[in-house]
Amino acid sequence: MNNIPFVDLKAQYHSIKKELDISIQNVINETAFIKGKYVQKFEEEYAEAYGVKHVVTCANGTDAIYITLKALGIGPDDEVITTALSWISTSETITQTGARVVFVDIDPDYYTIDPAKIEEKITEKTKAIIPVHLYGHPANMSKIMEIAKKHNLKVIEDCAQAHFAKWKGQNVGTIGNAGTFSFFPGKNLGAYGDAGCIVTNDDELAVKARMFANHGALKKHFHEFEGINSRLDGLQAAILSVKLKYINEWTALRIQNASTFTELISDIPGIVTPVTHEDAKHVFHLYVIRCESRDELQKHLKENRVSSGIHYPTALPYLKSYGYLKHVPDDFPIAYQYSREILSLPMYPELDEKTISAITNSLYSFY
Ligand SMILES: *Cc1c(COP(=O)(O)O)cnc(C)c1O
């Protein structure tokens with residue numbers, strides 16, 4: 001049997017190759033390389049599909065968070081609260097503004113920031129919360145918004161793993177002050193290089209973000225403040241416009257694959273399958289189980305040519321980069337424990353039933 005990949009970007013390319021090749025050629029024919037008509041077109045299409053007033057594209061999902069924090073005026077002396085379990089982009093961008101990162105443990109069922117543990121971390125310096133819709137499962141936005149209102153905090157939703165996920169029927173990213181997206185190739189909506197965007201219904205925030213990402217200017221040579229260079233290029237925009245047409249179909253397939261996995265493996269003792277909150281639409285960027293003897297299982301899967309991943313092997317507060325915060329395991333017991341148990345199985349829309357059963361058979365043969 002062939003190797004089972006973790007994601008299969010080739011299969012997706014081949015399913016829409018003709019359309020993509022034409023769109024790429026068009027950009028080159030028109031030399032619309034940076035910003036320009038294809039970028040504007042994608043911004044309009046994403047805003048329409050997302051049901052949001054403004055889409056500000058930028059170079060990647062990390063910049064999207066940084067730009068939003070800067071546009072909200074967050075900087076030195078401020079504190080920003082975020083989850084203990086995420087990719088480092090979520091927290092490093094807080095530090096980059098000069099603010100201090102304050103971590104909160106995760107919810108034991110849904111792996112997103114635990115709203116019950118947020119308030120105890122709020123101080124006079126707290127300015128914002130960054131919930132992450134981890135693995136494609138929305139954080140509890142009802143409770144987070146309630147806390148944010150009470151304490152007058154901004155909310156930036158990190159939607160890098162959660163394109164078109166919903167909380168109580170509303171698209172994530174449109175509930176807080178802004179949502180940030182990554183279009184890294186392996187994300188649910190992925191470009192063929194780095195790309196990202198910010199979505200918001202706040203006019204002023206949109207303008208500031210657009211300016212900050214473009215050297216502090218809306219118009220060439222009219223720099224109102226210093227910013228950065230974080231632009232989307234035309235090729236990525238054109239590719240994203242094509243792929244956007246298929247996102248609903250691909251999301252439905254991810255959800256279907258996830259439910260097939262759960263059906264097949266939830267009975268295996270030693271494995272905990274993912275659960276979805278009743279108010280959430282989970283878009284399964286990742287299908288993450290918790291398991292006994294995780295490292296041995298991963299080795300066994302590898303011997304059976306099944307790829308897998310760990311998201312993430314070290315919870316953020318315990319990375320060397322945050323050694324200065326001097327956290328101990330008891331500070332974030334759930335994130336600490338789960339980072340030793342989680343395993344991400346292959347997940348992509350093109351995964352077929354035969355492949356899923358090959359993966360689940362390898363799980364059975366281990367336990
Ligand atoms: C991928 C990711 C990012 C960063 O996106 P890039 O486009 O790689 O910069 C930020 N947050 C989370 C949760 C992510 O998964």
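Among the residues here, L235 does not qualify as within 20 Å of the chain's Cα centre (by Cα), assigned by TED's automatic domain parsing to the domain that holds E157 and surrounded by 20 or more Cβ atoms within 10 Å (Cβ to Cβ).
Among the listed residues D78, D21, D63, identify the single one that is more than 16 Å from the ligand (Cβ to nearest atom), acidic (D, E) and in contact (Cβ under 8 Å) with a residue 12 or more places away in the chain. Exactly one residue qualifies, and that residue is D78. Per the listing L69, L85, the residue uniquely within 14 Å of the ligand (Cβ to nearest atom) and either within 18 Å of G136 (Cα to Cα) or surrounded by fewer than 24 Cβ atoms within 10 Å (Cβ to Cβ) (or both) is L85.
Screening the candidates L264, L253 for the property of being in contact with a helix residue (DSSP H, G or I) (Cβ under 8 Å, 6 or more places away or on another chain), assigned to a helix (DSSP H, G or I), outside the structural domain of L69 (by TED's automatic domain parsing) and among the aliphatic types (A, V, I, L, M) yields one hit, L264.
For segment 176-205, the set of residues classified as within 20 Å of the chain's Cα centre (by Cα), over 18 Å from I16 (Cβ atoms) and either among the β-branched types (V, I, T) or more than 9 Å from the ligand (Cβ to nearest atom) (or both) consists of G176, N177, A178, G179, T180, C197, I198, V199, T200, N201, listed by residue number. Filtered by the rule that a residue be in a helix (DSSP H, G or I), in contact (Cβ under 8 Å) with a residue 24 or more places away in the chain and surrounded by fewer than 16 Cβ atoms within 10 Å (Cβ to Cβ), segment 5-18 gives L9, A11, S15.
Here I67 does not fit the description of being in contact with a helix residue (DSSP H, G or I) (Cβ under 7 Å, 6 or more places away or on another chain), assigned to a strand (DSSP E or B) and over 20 Å from F164 (Cα atoms). Among the residues of segment 189-204, the ones that are over 18 Å from L69 (Cβ atoms) and surrounded by 20 or more Cβ atoms within 10 Å (Cβ to Cβ) come to 4 in all. Could you identify the single residue in Q96, Q170 that is within 26 Å of A206 (Cβ to Cβ) and more than 16 Å from the ligand (Cβ to nearest atom)? It is Q170.
The values are calculated or read from the model by the stated rules, or taken from the named source; none is laboratory data. These numbers come from a predicted model, not from an experiment. As a convention, Cβ positions derive from the backbone with ideal geometry for all residues, glycine included, and neighbour counts pool all protein chains shown.
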